[in-house]
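Everything below concerns the one structure shown next.
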Amino acid sequence: MPRWHSVPYICRMSVHSESRPESVSSGSKELPAIQVADLAKRFGSIDAVRGVSFDVKPGELFAFLGPNGAGKTTTINMLCTLARPSAGGASVAGFDIVRQAQQVRQRIGLVFQNYTLDPQLTAEENLRFHAVLYRVPRSEVPARMERVLKLVDLLDRQNSRVATFSGGMIRRLEIARALLHTPQILFLDEPTVGLDPQTRSRMWHDVLQMREEDVTIFLTTHYLDEAENADRIAIMDHGEIVACDTPTALKAMVGADAVDLVTADDTVAQESLLRCGYDTHVTADGLRVYVPDGARAVSGLVASVDVELQQLRVHRPTLDDVFMHFTGREIRDDGGGLTAQEQQVRTVTTSQR
Amino acid sequence: MTVRENDGVADGRVGHDARRTAGFDWVAEVRTALMVAHRELLRFVRAPGRLLSSFVLPLTFLAVFGLGLNRLVGSNGNVEFVQFILPGVVAMIVLMSGIGSCVLVIWDREFGFLREMLVAPPHRVSLVIGRMAGGTAIASMQGIAILLLTPILGVKLELLTVVATIAIVILIAVAGTAAGMFLASWIKRMESFSAIMPLVMMPTMFLSGAFFPIQTLPGWLAVVVHLNPLTYGVDLLRRVVLSAQVSAADSHGPFTSGVALFGYELPILVEVGFVVALIVVFVALTARRFGKPT
Ligand SMILES: Nc1ncnc2c1ncn2[C@@H]1O[C@H](COP(=O)(O)OP(=O)(O)OP(=O)(O)O)[C@@H](O)[C@H]1O
Ligand SMILES: [Mg+2]
């Protein structure tokens with residue numbers, strides 16, 4: 001996974017998020033920008049969203065992190081009044097998403113997961129169309145168009161048809177369009193999918209720039225490194241929020257350190273580690289153990305593994321670990337992990353050896 | 001959950017558009033409709049294929065049926081066969097163009113632009129009206145362009161006839177576009193559209209009296225033709241276009257106009273009423289279907 005090129009922004013952001021609580025509480029009447037209670041959506045027999053609840057504070061950058069089919073887009077569609085909830089409710093900018101849909105629509109900006117520009121129109125015509133639909137005062141349209149086009153660096157292409165744009169340019173134009181009517185809340189559904197690393201970092205630059213303008217941002221992503229930029233992350237899996245907190249707090253939940261191990265026989269090694277009470281998970285490359293203090297735990301770990309140890313690496317937990325921690329637990333709950341019988345069989349094999 | 005009213009906290013520049021426009025805003029709705037129509041026109045002029053086909057098709061019909069069969073079928077003293085089918089061809093092309101305007105709706109659904117419109121604040125009826133206005137404008141212009149041929153084909157026209165003709169062309173265009181919107185509210189995918197289009201268009205065109213007089217048809221065919229809304233559109237247009245040419249004496253010749261129901265010849269205004277009623281039904285059904293979120 002490519003890392004962000006715009007490291008300075010990330011740094012600035014984390015400083016930003018620490019200074020934020022004071023500025024937020026200084027507002028006299030602070031309504032949550034988004035307030036969600038037991039929101040659920042069912043498509044026939046599929047429970048796409050199973051009763052999620054969360055609040056997003058004004059000015060916050062809130063990320064929904066989850067695998068394909070987790071229900072992220074479905075949640076956004078409900079919050080944006082494009083889909084009616086099967087149960088529960090939500091308010092966006094203080095308005096009910098079902099009964100006051102029109103007020104909600106006026107206050108949100110939206111970048112859909114799929115492209116929604118008219119390719120036969122020019123960038124400028126697409127923006128004009130949007131400006132009229134969102135009731136931007138006519139006298140302000142030229143200035144605002146220039147501002148948003150400048151923000152996403154497309155000013156020189158404003159008279160080209162969107163059909164001639166690259167994927168990244170289309171995405172940036174969509175973001176510019178979503179900002180044209182100065183929304184209070186901006187929804188971004190996987191804004192960086194299909195973009196190259198440069199364009200992704202450029203887009204994040206844009207997103208973080210918007211935060212400077214006090215826009216509340218709700219975004220969904222598959223990418224852990226993107227979620228890292230958020231003030232708070234909700235991890236969604238199978239239509240449920242399995243964890244919701246700041247990136248730092250989420251990482252703290254996992255444990256202080258992660259130890260990656262590669263052994264001659266990972267299955268056997270996992271068995272013995274589990275028997276010794278270590279929080280052990282299987283990764284693509286080997287095993288991962290979460291321990292309170294990596295340096296001290298190493299000797300104990302080495303002693304517990306009864307097969308040949310080929311590699312050992314201690315690192316601070318990343319969101320990757322957080323994700324595994326939470327969705328891993330979910331998978332065990334679903335019965336996807338080792339069953340008691342399997343464990344028995346493995347124990348037998350181990351003792352025979 | 002409890003939902004608190006937005007008390008309009010002064011939040012700087014963000015959201016000031018929102019506060020400005022509480023309640024129903026007629027001006028904004030009309031501007032929306034005009035913008036949607038404007039886009040429809042932009043898309044039309046940027047698709048040279050559509051422009052070309054809207055001329056080639058009617059001219060082919062006129063050449064094949066009109067000039068080709070004219071010798072064979074002959075004239076009615078005052079009205080020649082090619083003159084007889086000219087209003088039919090115009091009505092047909094206007095209807096086709098109107099119904100065809102639903103392509104853009106289906107296209108928008110498939111390529112996502114529909115969501116950009118549906119999530120915007122304006123009322124969905126404004127969007128439907130805008131699309132209909134755009135579709136109507138395009139369809140009427142196509143019909144009127146073909147009508148420019150009338151002098152060449154020797155049809156006598158008076159100023160009043162020209163005005164009435166344009167009015168009726170627009171009426172047919174509105175009806176066609178309304179039918180197109182209705183279809184678009186049901187057809188979700190491009191493939192289904194290409195399958196359904198000929199199925200709808202062919203019988204409507206050929207069983208409408210556009211190409212033959214309907215007074216002399218066998219019973220079952222007459223029933224079908226009288227159930228076809230286009231029959232009334234074609235007849236309206238024909239009555240008006242040929243009004244200067246047809247005298248009472250011709251009314252029993254081979255190329256007569258007028259539709260009779262149960263032996264009763266319908267006045268022009270009743271025919272107009274039929275078409276208007278049809279438009280109202282289609283628009284109501286379309287607005288109902290587009291108005292619902294999933
Ligand atoms: N219109 C629909 N009809 C039926 N099922 C749907 C519909 N929309 C979504 N679903 C189902 O709901 C579930 C959640 O889908 P959703 O699009 O919200 O996931 P997502 O988290 O956005 O995934 P991705 O990361 O792939 O975009 C999926 O199982 C999907 O198949
Ligand atoms: Mg999605």
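What follows is calculated from the coordinates using simple rules that are stated; it is not laboratory data. What you see is a predicted model; the values in this text were computed from it and never measured. All Cβ positions, glycine included, derive from the backbone under ideal geometry; neighbour counts span all protein chains shown.
Go through region A:154-161 residue by residue and turn each phi into a ³J(HN,Hα) via Karplus (6.51, -1.76, 1.60, θ = phi - 60°); whole Hz please, and just put x for glycine and proline.
My calculation for region A:154-161 gives 10, 4, 6, 10, 4, 9, 8, 5 Hz in order.
How much net charge surrounds residue A:111 when only other residues with a Cβ under 13 Å from its Cβ are counted (Lys, Arg +1; Asp, Glu -1)?
Every neighbour counted, the sum reads -1.
Packing-wise, with mean Cβ within 10 Å as the measure, how do A:64-71, B:148-155 rank, highest first?
Per-residue Cβ counts within 10 Å, averaged per peptide and sorted highest first, yield A:64-71, B:148-155.
Taking H placed 1.01 Å from N in the peptide plane, check which residues at least 5 places from residue A:256 or on another chain put their amide H under 5 Å from its amide H.
Result for residue A:256 returns A:291.
Please work out the C-alpha center-to-center distance from region B:96-157 to region B:158-231 and express it in whole Å.
15 Å
Stretch residue B:59-residue B:78 to full length: gain in nm at 0.36 nm per residue minus the Cα-Cα span?
The span from residue B:59 to residue B:78 would gain 4.6 nm if fully extended.
Within 10 Å of each Cβ of B:107-120, how many other protein chain Cβ atoms are there on average?
If you average over the peptide's residues, the count of other-chain Cβ atoms is 6.
Using Cβ contacts closer than 10 Å as the measure, can you line up A:78, A:324 from fewest to most?
In increasing order of surrounding Cβ atoms, one gets A:324, A:78.
Starting with the highest mean, order A:281-292, A:176-187 by the number of other Cβ atoms within 10 Å, averaged over the residues of each peptide.
Result, highest mean first: A:176-187, A:281-292.
When the Kirkwood hydrodynamic radius is evaluated over all pairs of different C-alpha atoms of region B:79-219, what value in angstrom, to one decimal, is obtained?
16.5 Å
Got a sec to turn the phi values of region B:131-146 into Karplus ³J(HN,Hα) couplings, 6.51 cos²θ - 1.76 cosθ + 1.60 with θ = phi - 60°, whole Hz, x for Gly and Pro?
Result, rounded to whole Hz: 4, 5, 4, x, x, 5, 4, 5, 5, 5, 4, 5, x, 5, 4, 5.
Taking amide hydrogens as modeled 1.01 Å from N in the peptide plane, which residues meet the under 5 Å criterion relative to residue A:84, leaving out close sequence neighbours?
The list, which skips near neighbours in sequence, is B:294.
Scan around residue A:237 for amide H atoms under 5 Å from its own, H built in the peptide plane at 1.01 Å from N, and keep only partners 5 or more places away or cross-chain.
A:242
Using each residue's phi in region A:232-248, evaluate 6.51 cos²θ - 1.76 cosθ + 1.60 at θ = phi - 60° and report the 3J(HN,Hα) Karplus result to the nearest Hz, with x for Gly and Pro.
9, 10, 10, 8, 10, 8, 6, x, 10, 8, 8, 7, 8, 6, 6, x, 5
Which of A:242, A:152 has the fewest other C-beta atoms within 10 Å, and how do the rest follow up to the most?
A:242, A:152
Cross-link candidates for residue A:72: which aspartates and glutamates have Cα within less than 12 Å, leaving aside residues fewer than 8 places away along the same chain?
Once the sequence-local aspartates and glutamates are set aside, what remains near residue A:72 is A:189, A:190, A:237, A:240.
Over region A:7-250, what is the relative contact order in whole percent, taking alpha-carbon pairs under 8 Å and six or more residues apart?
Result for region A:7-250 is 27 percent.
What does the charge count around residue A:161 come to, taking other residues whose C-beta lies under 11 Å from its C-beta (Lys +1, Arg +1, Asp -1, Glu -1)?
Here the charged neighbours net out to -1.
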